[in-house]
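Presented below is the structure to which this report refers.
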Amino acid sequence: MKIDGIDKIIIKSLVKDARTPILTIARKVGVSGAAIHQRLKKLDKSKLIDGYQMVLNPKALGYSTTAFVGIFLDASSQYSSAIKRLKEIPEIVESHYTTGNYAIFIKIMCKNNEDLMHLLNKDIQTIKGVSRTETFISLDQQIDRQISI
């Protein structure tokens, strides 16, 4: 899909703050609110926009531990069943099927290290096919952004 300068301004404005009023963007680029609305519909339809969401602050909810866990499987054929079980664990916020050492790489948000240990020992490592895990605790996150256009 081709996007022009106006589309880029619309996208950049909404990525920065999704609550930016359509009319504010329209004034910025010198077109009508209806024109911005139509362009947004076109961008939605093209699948360039993947969705709209509210982003919660995990720390404000008491989640102070972020960890990344590499999961080793006994066999790659157990991937689907392992993912099905991992989806049942609400603290897992991302999963990736990867090349390299791990079959699955996940991101976990926990209240504290004790909760992380419980989650690893009681929930993840007991999944059939999981042979072992390797855990990395995040000490700080400096970059959190969308891909730029």
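With distances taken between every two different alpha-carbon atoms, the range 62-149 has a Kirkwood hydrodynamic radius of 13.6 Å.
Globularity index of the range 17-118 is 1.59 (Cα radius of gyration / 2.2 N^0.38 Å, N = number of residues).
Looking at the range 49-135, the trypsin sites (Lys or Arg not before Pro) that sit in a DSSP loop and have at most 16 other Cβ atoms within 10 Å of their own Cβ are Lys87, Lys111, Lys128. The Cα-based radius of gyration and maximum Cα-Cα distance (Dmax) for the range 5-45 are 9.0, 24 Å. Helical content of the chain, expressed as a calculated mean residue ellipticity at 222 nm, amounts to -9000 deg cm²/dmol (DSSP H runs of 4 or more residues, -39,500 (n - 2.57) each, divided by residue number, nearest 500). Segment Val15..Lys111, full-extension length gain: 31.7 nm, with 0.36 nm per residue of separation and the alpha-carbon distance subtracted. For the range 38-59, the residues whose backbone nitrogen is under 18 Å from a point 7 Å from the Cα of Leu23, taken along Cα to Cβ, are 38.
All of the numbers you see were taken from the coordinates with simple rules; none came from a lab. Fair warning: this is a prediction, and the values are worked out from it, not measured in the lab. Don't worry about glycine lacking a Cβ; one is built from the backbone with ideal geometry, like all the others, and counts go over all protein chains shown.
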